[in-house]
Amino acid sequence: MNNLHRQRIFNSMDKLIHYTNYTTLRNECIQRDMLSLDMVLRIESLAADETTRHKLMFEKITRRGPKAFNTLLDICQRNFPKAYAELNPSSNDQQMHSTLNPQRIRSVSCNVAPKPFLIRGALEIVDGKNYNFAAESVPEESKCTLQVHEDILPSFSVTLSSGPTTTHPKVPAYPMKSRNRGVAFIVNVITFVKDVHGKRNGADIDGQNLISLFQQLGFVVFYYENITMGDLKELFAKLKESDYLSCDCFAFYILSHGDHKKGSDFIYLHDNSILRVEDILTEFNTVNCTKLIRKPKLFFISICRGEQSDLGSFRLSTNTERDGMIDPRKQLPSNIATFCDMLVCYATVPGFAAHRDPSTGSWFVESMCRVWAEHAHDTDVEILMKLVGENAATYRTETAALQTICTEQRGFFKQLFLNPGYYERPEDTTA
């Protein structure tokens with residue numbers, strides 16, 4: 001449900017409660033599969049009086065996916081005319097609520113239809129004028145606005161969680177139950193100055209799929225296309241100074257051309273400057289970003305890490321060493337590691353290329369959106385990425401080349417369940 005419809009429900013809450021009958025609304029929601037019986041029973045266990053239950057039910061409806069507002073409108077039109085008029089006050093609003101346009105492209109492969117809205121970082125209205133952020137004429141101060149991306153109409157739906165998932169008895173889970181669920185910071189480099197690197201055809205589809213995915217997971221999304229090194233540094237500084245990082249989880253996603261040389265991964269930005277993956281991780285470690293201490297940090301690096309096509313060769317590495325250990329009789333110090341609670345996910349392994357379809361986007365993003373949409377409600381992130389890897393491994397190019405995703409954890413010792421749509425305390429759902 002987009003923010004406009006959600007806010008309309010919250011602004012009209014008292015009238016909606018007055019105009020509707022709780023029992024009828026309850027039964028209609030269950031019958032139309034908008035709410036499960038378990039969800040309703042949980043609401044009723046949290047509140048003894050019907051008014052509070054009524055309010056909690058409307059709040060729950062605002063988190064039941066892109067079809068929820070239309071379903072609520074239909075229920076009200078059939079049973080509660082005054083509530084329907086409140087939610088749908090004019091013909092303009094009538095057109096606005098019909099977000100499920102039958103002419104809109106929908107695909108099981110998570111392809112997003114051509115976007116009718118502005119993409120921040122590509123085009124922005126500044127002082128009443130349109131500016132293309134890739135053009136040299138853009139005012140410098142307008143490039144790096146830290147602004148939450150508007151809600152978009154998704155072309156796939158994330159299955160929502162009906163409650164907290166049971167964790168492994170020996171492995172605790174990161175807290176992921178508050179209203180401030182997370183921040184997703186997405187950088188999508190599609191073109192490059194002077195065409196030094198080829199245009200990444202299909203990358204715009206990846207961007208829209210990722211925006212849709214993280215918004216449905218309850219994350220605040222920042223999305224930027226074709227930014228330079230200076231832009232990125234300024235945005236990082238603004239993000240770390242903001243209150244947005246007072247959240248449960250942080251996700252950083254970058255899509256571009258890249259390479260892997262001498263043990264390091266490099267990413268090319270719009271101005272052809274080179275960004276090291278290690279510099280990204282350093283930017284958000286416990287020394288440089290204290291707001292994220294003990295919080296899960298996810299990094300997704302969708303780049304090539306070489307030029308080889310993976311045709312199925314197999315390699316082994318036996319070059320391992322054991323470092324010294326602290327005396328076990330001494331008490332462990334209470335310091336915290338510089339790099340911890342980090343999970344880094346690459347589209348491919350070092351030395352090999354990552355693949356992208358101009359019409360459907362990259363294999364990595366397409367597989368991730370499909371798997372997370374279906375399984376994020378009851379599966380922890382590390383298992384999700386195993387499923388993503390398994391799915392991506394089924395793709396082949398015309399020359400039978402394949403792709404193997406790669407993950408690295410740095411002190412990521414807990415399970416991470418995203419719990420889309422689930423919030424532990426009723427008071428967390430009112431904002």
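Descriptive notes on the structure:
- Residues of the stretch 252-277 that turn out to be of a type in the set (Ser, Thr, Tyr), part of a loop (DSSP other than H, G, I, E, B) and open to solvent by less than 10 Å² (accessible area, probe 1.4 Å), as a count: 1
- Residues within the stretch 204-217 that are farther than 16 Å from PRO66 by Cα and either modelled with pLDDT of 95 or more or buried (at least 22 other Cβ atoms within 10 Å of the Cβ) (or both), tallied: 3
- Filter result (in a strand (DSSP E or B) and open to solvent by less than 60 Å² (accessible area, probe 1.4 Å)) within the stretch 398-407: LEU402, CYS406
- First in the stretch 12-26 and closer than 14 Å to THR52 by Cβ, second anywhere and open to solvent by 70 Å² or more (accessible area, probe 1.4 Å), Cβ under 8 Å, 6 or more apart: MET13/LYS55; ILE17/THR51; ILE17/LYS55; TYR22/GLU50
- Test for GLY230: is it at pLDDT below 95, in a helix (DSSP H, G or I) and over 20 Å from MET342 (Cα atoms): yes
- Answer residue from the stretch 356-381, given it is among the small types (Gly, Ala, Ser), outside any helix (DSSP H, G or I) and open to solvent by less than 20 Å² (accessible area, probe 1.4 Å) and is nearest to ARG305 (Cα to Cα) among those: SER362
- Only one of TYR422, TYR395 that is under 19 Å from the mean Cα position of the chain (by Cα) and modelled with pLDDT under 95: TYR422
Quick grid of which residues meet (1) touching a Gly at 6+ places or on another chain (Cβ under 7 Å); (2) among the aromatic types (Phe, Trp, Tyr); (3) at pLDDT below 85; (4) not in a loop (DSSP other than H, G, I, E, B):
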site: LYS82; (1), (2), (3), (4): no, no, no, yes
site: SER107; (1), (2), (3), (4): no, no, yes, no
site: ARG120; (1), (2), (3), (4): no, no, yes, no
site: VAL138; (1), (2), (3), (4): no, no, yes, no
site: SER161; (1), (2), (3), (4): yes, no, yes, no
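- Condition check for ALA184: among the small types (Gly, Ala, Ser), over 18 Å from SER242 (Cβ atoms), in contact (Cβ under 8 Å) with a residue 60 or more places away in the chain and open to solvent by less than 40 Å² (accessible area, probe 1.4 Å): no
- Taking the stretch 181-232 as the range and being over 20 Å from PHE364 (Cα atoms) and of a type in the set (Lys, Arg) as the test, the residues that pass are ARG181, LYS194.
- Residues that are crowded, with 23+ Cβ neighbours inside 10 Å, touching a Cys at 6+ places or on another chain (Cβ under 9 Å) and part of a loop (DSSP other than H, G, I, E, B) within the stretch 335-355 comprise ALA347, THR348, ALA354, listed in sequence order.
- Residues located in the stretch 385-403, provided they are in contact (Cβ under 8 Å) with a residue 60 or more places away in the chain and in contact with a helix residue (DSSP H, G or I) (Cβ under 7 Å, 6 or more places away or on another chain): GLN403
- Filtering the stretch 1-57 to residues that are under 25 Å from SER161 (Cβ atoms), of a type in the set (Asp, Glu) and loosely packed, with under 14 Cβ neighbours inside 10 Å leaves ASP33, ASP38.
- Residues located in the stretch 147-159, provided they are open to solvent by less than 60 Å² (accessible area, probe 1.4 Å) and modelled with pLDDT under 85: ASP151, ILE152, LEU153, PRO154, SER155, PHE156
- For the stretch 298-318, filtered to residues that are farther than 15 Å from CYS406 by Cα and surrounded by 13 or more Cβ atoms within 10 Å (Cβ to Cβ), the residue that is modelled with the highest pLDDT is GLN308.
- For the stretch 223-239, a residue qualifies if it is open to solvent by less than 10 Å² (accessible area, probe 1.4 Å) and among the polar types (S, T, N, Q), but none of them does.
- For the stretch 85-104, the criterion of being modelled with pLDDT of 85 or more and either at positive phi or outside any helix (DSSP H, G or I) (or both) is met by no residue.
- Filter result for the condition that a residue is open to solvent by less than 20 Å² (accessible area, probe 1.4 Å) and on the phi < 0 side of the Ramachandran plot, over VAL220, VAL193, VAL189: VAL189
- Residue match in the stretch 22-45 (condition: assigned to a loop (DSSP other than H, G, I, E, B), out of contact with any strand residue (DSSP E or B) (no Cβ under 9 Å at 6 or more places or on another chain) and β-branched (Val, Ile, Thr)): no
- Residues of the stretch 68-75 include at least one that is modelled with pLDDT of 50 or more, more than 30 Å from the chain's Cα centre (by Cα) and open to solvent by less than 30 Å² (accessible area, probe 1.4 Å).
- Across the stretch 278-297, the number of residues qualifying as open to solvent by less than 10 Å² (accessible area, probe 1.4 Å) and within 20 Å of the chain's Cα centre (by Cα) comes to 6.
The values are calculated or read from the model by the stated rules, or taken from the named source; none is laboratory data. Note that the structure is a prediction, hence the values are computed from the model and not measured. Counting neighbours? That spans all protein chains shown, and the Cβs are built from the backbone with ideal geometry, glycine included. These area figures cover heavy atoms from the full protein model, side chains too; ligands, DNA and RNA do not enter into them. Shrake-Rupley method; radii C 1.70, N 1.55, O 1.52, S 1.80 Å.
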